[in-house]
């Protein structure tokens, strides 16, 4: 992917122009390349929503990508066809608990020979409001199993592979997808907020633990995004106005607006960023 500055003169004051070694004409034709050429990524929850947008962007940036799906086989296979079977593969894998993550990592290695990037994007958000005194134990345990236990296992087995080839010149990257709810809580969804908050704590600890191994660990924290998971709430006329009222930009995000920061964090342009939480929520985390 390439980004071209539209008006390079805005980067310089008039007094600075004579001392600039590169001409403005040269700067205007320069490109900033977000490249993952030669890299292999595993993106979970990759058949729809944010995950699917990330798969497309990563492939466009030159990566080979394995995505997992649980039920959306038609969507997953359509995405593979769109991206090209030589650069993209879909694996059915139910990421609940710690038992299946190694299988998914192993399938990635078998398909493309290595693993450079893990994007843990999968997760569940039970849409029905449940106070803590009414939340069934089964709901709490399943949310923890999907949103936290499986991420632990994915990181564990991915790191074992990443350590084999990560280097200062070619570092590995882990991006965990958290949430605005992780930072300010979410009433009646304590299971979701707690698991997403735990991911942020994982990022903080793992970033220092894995830095000597040339493995970067960061987090992207979405707010409300137009995905299948959030659609029931966004379509609820009684609920949606309250959601929008807490977003300073006045709208929900798109999957592409989340995929782009995820991609950035896995490129050389994020070479001095680790242990960070990148909020992508239209300002909602500031609105209380």
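Annotation: for a label point projected 7 angstrom from Cα along Cα→Cβ of residue 201, residues of segment 143-158 with backbone N closer than 17 Å are 143-153. Computed over the chain, the per-residue total of -39500 (n - 2.57) for DSSP H runs of n ≥ 4 gives a 222 nm mean residue ellipticity of -11000 deg cm²/dmol, rounded to 500. Most mobile of 227, 44, 108 per a Gaussian network model of the chain (Cα springs, under 10 Å)? Most flexible of the set in this elastic network: 227.
For residue 251 and residue 141, the difference between the fully extended length at 0.36 nm per residue and the C-alpha to C-alpha distance is 36.4 nm. Across segment 80-204, C-alpha contacts under 8 Å between residues 6 or more apart give a mean separation that, scaled by the residue count, equals a relative contact order of 31 percent. Arranged from fewest to most other beta-carbon atoms within 10 Å of their beta carbon, 40, 190 become 190, 40. Relative to the longest principal Cα axis of the chain, at what angle does helix 101-112 sit, 0 to 90 degrees, rounded to 10? Rounded to the nearest ten degrees, it is 40. Which angle between 0 and 90 degrees, to the nearest 10, do you get for helix 255-265 versus the longest principal axis of the chain when only C-alpha atoms count? The answer is roughly 60 degrees. For the chain, the alpha-carbon radius of gyration amounts to 1.06 times the rule-of-thumb value 2.2 N^0.38 Å expected for a compact globular protein.
Given R₀ = 41 Å, what would the calculated FRET efficiency be for residue 209 paired with residue 235, taking r from the Cβ atoms and rounding to 0.05?
The formula returns an efficiency of 0.45 here.
Taking Cα atoms only, the orientation of helix 150-162 departs from the longest principal axis of the chain by about 40 degrees.
Please state the relative contact order of segment 38-286 as a whole percent: Cα pairs under 8 Å, 6+ residues apart? Dividing the mean separation by the residue count of segment 38-286 yields 20 percent. Test of understanding: extend the Cα→C-beta vector of residue 163 to 7 Å, then name every residue of segment 256-277 with backbone N under 15 Å from that spot. Once the point is set 7 Å along Cα→Cβ of residue 163, nothing inside segment 256-277 turns out to lie under 15 Å by backbone N. Label sites at residue 228 and residue 92, each approximated as a point 7 angstrom past Cα along Cα to Cβ, lie 1.4 nm apart.
Just so you know, all these numbers are worked out from the coordinates, no wet-lab data involved. Just so you know, these numbers come straight off a predicted model, no measurement behind them. Cβ sites come from the backbone with ideal geometry, for glycine too, and all protein chains shown count toward neighbours.
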